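Beneath this line is the structure, given in structure tokens, with notes to follow.
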């Protein structure tokens, strides 16, 4: 048994043993869970995947004369200005009014982090205390006051594998899906994926410090659409899914190495977000979950050609080892697979987080409170408008 406080003391003294999730899977198989739990203190994880539910609060500072911005555009991408006089929220998936699918809120965020000029256009209805009605200027990240990345739904614990059984090509947030189940796409980084390493969220809660876009960030709340579930199969294997995190961090400290805009063909704009979580090895039970490899982590295969909430499930269970092999079997057919997320970047994040922990630059945190995990799933109840 170890505590987070004890592990932090070892980190501060430079004596902590830190492994990436891939390294701990290998070590546990070679040396056993008990010995690995005794020797290892921290396990780092990583994911780099499109996360549409992302955005940033920006504070521009006051102009002369003063202005209460009621309409804001950044490089012709509308931002929500109903917050305060010179605050706005720019959403990653919002599209440019002039460039459509080629440019959106995620591109604005990437441009700002990269240090590029962004055109700010603002309008106002004008008041006695805020008389200015129009503004057009160039701004940079360094010119603004606070730039707070706030992503309501990130780090999906597990996501399904998508296929298309129809006779036409369809374009989705899971990429282009070819007809007659000719390809399959998936989005989770398997044994490196943060929430699959602590599937019951034993050590993750409000205030947990995370690697977020290259900077330190924090878990602010459970993410939207956070409905954790576990399915147990007759052979004793379990499939966890449903948990999400709301994350907050300082955009000024982030890097385009770990925040990148994405254009998904004929679907829209999204944003690749790099997230890593360091997990304390508290005991054997914690290590046993951290040590589950791709062959013991599962998702299901869904038919995306049926655009309803309950899509047909074509396979109730497929392992990430199968998905990573490049092909899976679906209803007797061999189907090539491809990831939406980057395994290379996930490994890079886990290694960078390992380096920071080993150097004493990244300490672990006790959650201030547990996440609310018994939320009720509601669907849109459409009613007649009179």
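The values are calculated or read from the model by the stated rules, or taken from the named source; none is laboratory data. No experiment lies behind these values; they were computed from the predicted model shown. Methodologically, a virtual Cβ is constructed for each residue, glycine included, from the backbone with ideal geometry; neighbour enumeration extends over all protein chains shown.
Before we move on, is residue 341 in contact (Cβ under 8 Å) with a residue 60 or more places away in the chain, under 22 Å from residue 166 (Cα atoms) and crowded, with 18+ Cβ neighbours inside 10 Å? So residue 341 fails the test. Considering (1) touching a residue at least 60 places away in the same chain (Cβ under 8 Å); (2) in a strand (DSSP E or B); (3) closer than 21 Å to residue 259 by Cβ, the lone condition that residue 78 does not fulfil carries the number (1). Count of the range 231-271 residues, restricted to those that are out of contact with any strand residue (DSSP E or B) (no Cβ under 9 Å at 6 or more places or on another chain) and over 23 Å from residue 212 (Cβ atoms), is 3. Filtering the range 161-214 down to residues that are within 14 Å of the chain's Cα centre (by Cα) and part of a strand (DSSP E or B), which residue is farthest from residue 255 (Cα to Cα)? Among them, the one singled out is 210.
Is there a residue being touching a helix residue (DSSP H, G or I) at 6+ places or on another chain (Cβ under 7 Å), part of a strand (DSSP E or B) and closer than 18 Å to residue 165 by Cβ anywhere in the range 306-322? Looking for residues that are touching a helix residue (DSSP H, G or I) at 6+ places or on another chain (Cβ under 7 Å), part of a strand (DSSP E or B) and closer than 18 Å to residue 165 by Cβ, one finds none in the range 306-322, hence no. How about the range 338-381: which of its residues are more than 20 Å from the chain's Cα centre (by Cα) and within 28 Å of residue 14 (Cα to Cα)? Scanning the range 338-381 gives 355, 356, 357, 358, 359, 360, 361, 363, 366, 368. Looking for something surrounded by 24 or more Cβ atoms within 10 Å (Cβ to Cβ) and either under 26 Å from residue 273 (Cβ atoms) or out of contact with any helix residue (DSSP H, G or I) (no Cβ under 8 Å at 6 or more places or on another chain) (or both) - is there at least one such residue anywhere in the range 130-139? The answer is no, given that none of the residues of the range 130-139 is surrounded by 24 or more Cβ atoms within 10 Å (Cβ to Cβ) and either under 26 Å from residue 273 (Cβ atoms) or out of contact with any helix residue (DSSP H, G or I) (no Cβ under 8 Å at 6 or more places or on another chain) (or both).
If the condition is being in contact (Cβ under 8 Å) with a residue 60 or more places away in the chain and either within 30 Å of residue 115 (Cβ to Cβ) or in a strand (DSSP E or B) (or both), then the range 239-253 contributes 239, 240, 241, 245, 246, 247, 248, 249, 250, 251, 252. Of the candidates 18, 42, 24, the single residue that is touching a helix residue (DSSP H, G or I) at 6+ places or on another chain (Cβ under 7 Å), under 13 Å from residue 291 (Cβ atoms), assigned by TED's automatic domain parsing to the domain that holds residue 264 and in contact (Cβ under 8 Å) with a residue 60 or more places away in the chain is 24. As a summary of the residue check, residue 357 satisfies the conditions (1) in a strand (DSSP E or B); (2) not assigned by TED's automatic domain parsing to the domain that holds residue 166 except for the one numbered (1). Of all residues assigned to the range 114-130, none qualifies as being modelled with pLDDT of 95 or more, assigned to a strand (DSSP E or B) and within 30 Å of residue 299 (Cβ to Cβ).
With respect to residue 333, is the statement that it is at pLDDT 95 or above and not assigned by TED's automatic domain parsing to the domain that holds residue 204 true? No: the conditions fail for residue 333. For the range 311-323, check the following and say yes or no: at least one residue is modelled with pLDDT under 95 and in the same structural domain as residue 38 (by TED's automatic domain parsing). Yes, the range 311-323 has at least one match. The set of residues in the range 94-118 that are over 17 Å from residue 71 (Cα atoms) and surrounded by fewer than 19 Cβ atoms within 10 Å (Cβ to Cβ) comprises 99, 100, 101, 102, 114, 115, 116, 117.
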